[in-house]
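The values are calculated or read from the model by the stated rules, or taken from the named source; none is laboratory data. Predicted model, so just to flag it, every value in this text is computed and none were measured. Quick reminder, even Gly has a Cβ in these numbers, built from the backbone with ideal geometry, and neighbours come from all protein chains shown. Heavy atoms of the whole protein, side chains included, go into the accessibility calculation; ligands, DNA and RNA do not. Shrake-Rupley method; radii C 1.70, N 1.55, O 1.52, S 1.80 Å.
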There are 2 protein chains.
Amino acid sequence: MQFTRKDIDALEHLYKINFVNSLSGFKSANLIATKSVKEVTNVAVFSSVVHYGSAPPILGFVLRPTTVRRNTYDNIKETEFYTINHITESMIHEAHHTSAKYPSEISEFDKTALTEVYKNGFHAPFVKESSVQIAMKYVEEYPIKINNTLLILGEIVAVYVDEVLVEKDGFINLSKNETVAINGLDAYVTPANSKRLPYQRPK
Amino acid sequence: MQFTRKDIDALEHLYKINFVNSLSGFKSANLIATKSVKEVTNVAVFSSVVHYGSAPPILGFVLRPTTVRRNTYDNIKETEFYTINHITESMIHEAHHTSAKYPSEISEFDKTALTEVYKNGFHAPFVKESSVQIAMKYVEEYPIKINNTLLILGEIVAVYVDEVLVEKDGFINLSKNETVAINGLDAYVTPANSKRLPYQRPK
């Protein structure tokens, strides 16, 4: 099938967002959790967490102006702290429910079976059910001109990871614990058949 | 296992990059292909392609200063055009080999079994073996202050997709064709067991 840009722009709204959201390939599946200065917690599913660097360790994610994720943003800007928590297969229904539009005074932790947990005095809650939990501190943001989205970058402050996942050379084998990926807007998939390939040199 | 930021900064180099590259969760697996003004083609594997918006349709990816991806960048800046091509399971060995450091006068299409193909007069080559091929035009770039990486945004000009993957509502079911995802730096996984969940409203 061929779609020119004119075809894409003319697609029906739901068809277009399903289609274009699938085009980047599989996406990471994470819960970002925050707590406001008024102590209200918030947790929401994100599929745009990306690695920006290892030294210093930096992760980025994208906030879309059309989705109601302002609680996450407001809490990060007020407090500087948030957590990124991996989603595994047994968590997908509860994780996906965090995409429902709740008012800011409601915590998604109270509306789902996800459990908030605190570690080492860090301000933001972790998701207890996640086998990889990352404490993050806001670093900088980039307003994207073309469509008013916002790229948020943070540095990793601490990592809590199920030790069964971590191999001898530091590789975290996410298939061992049924960590999921996201396809498009709303499909959750479980990667398997993990093959590590050697470092490549010119032939 | 717990890693404080101090622990992470002190990790041995390879352990650190394996570990931190795994922390974002599963990543998309794409080949970005370009052609220089001197008609030399280039193709390289990227795991950072992210959806930035559907109207207009925008995808972003990250260039790391420490990896030799300057051919991709130089060609995009010179010509404005590139393609993003999904990687499926049968392609992983050839796709991964594009990470070898070849000089700019060598095309990775000549060093791998990947085949370049041209469509509708578009300047950059597509990867024939990919079941999703996306023609892209450069839009803008954001230099990231914290670590000198570069976020490149482009708009989708055209899409060529195997019609067996596209469902009635526009969702591209990437599991149907063994599209892969990347875990960390060098592990390729094949997602399955795709579950689509309904649009969520507050309980």
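Quick notes on this one:
- Within segment A:176-189, considering residues that are at the interface with another protein chain (Cβ under 7 Å from one of its Cβ atoms) and open to solvent by less than 20 Å² (accessible area, probe 1.4 Å), the one nearest to B:Gly170 (Cα to Cα): A:Gly184
- Within segment B:191-202, being within 7 Å of chain A (Cβ to nearest Cβ) and surrounded by fewer than 20 Cβ atoms within 10 Å (Cβ to Cβ) holds for B:Ala192, B:Asn193, B:Ser194, B:Lys195, B:Arg196, B:Leu197, B:Gln200, B:Arg201, B:Pro202.
- Odd one out for B:Thr112, checked against (1) in contact (Cβ under 8 Å) with a residue 12 or more places away in the chain; (2) at the interface with chain A (Cβ under 7 Å from one of its Cβ atoms); (3) not basic (Lys, Arg): (2)
- Taking the numbered list (1) touching a helix residue (DSSP H, G or I) at 6+ places or on another chain (Cβ under 6 Å); (2) away from every other protein chain (no Cβ under 12 Å) in turn, B:Asn75 passes all entries but (1).
- Test: residue in segment B:134-148 that is out of contact with any Phe, Trp or Tyr (no Cβ under 7 Å at 6 or more places or on another chain), open to solvent by 10 Å² or more (accessible area, probe 1.4 Å), outside any strand (DSSP E or B) and in contact (Cβ under 8 Å) with a residue 40 or more places away in the chain: yes
- Within segment A:43-72, considering residues that are among the polar types (S, T, N, Q) and under 17 Å from B:Val50 (Cα atoms), the one farthest from the other protein chains (Cβ to nearest Cβ): A:Thr67
- Extreme residue, most open to solvent (accessible area, probe 1.4 Å), among residues of segment A:157-175 that are out of contact with any Gly (no Cβ under 9 Å at 6 or more places or on another chain) and not in a strand (DSSP E or B): A:Lys168
- Of everything in segment A:6-42 that is away from every other protein chain (no Cβ under 12 Å) and charged (D, E, K, R), the residue that is surrounded by the fewest Cβ atoms within 10 Å (Cβ to Cβ) is A:Glu39.
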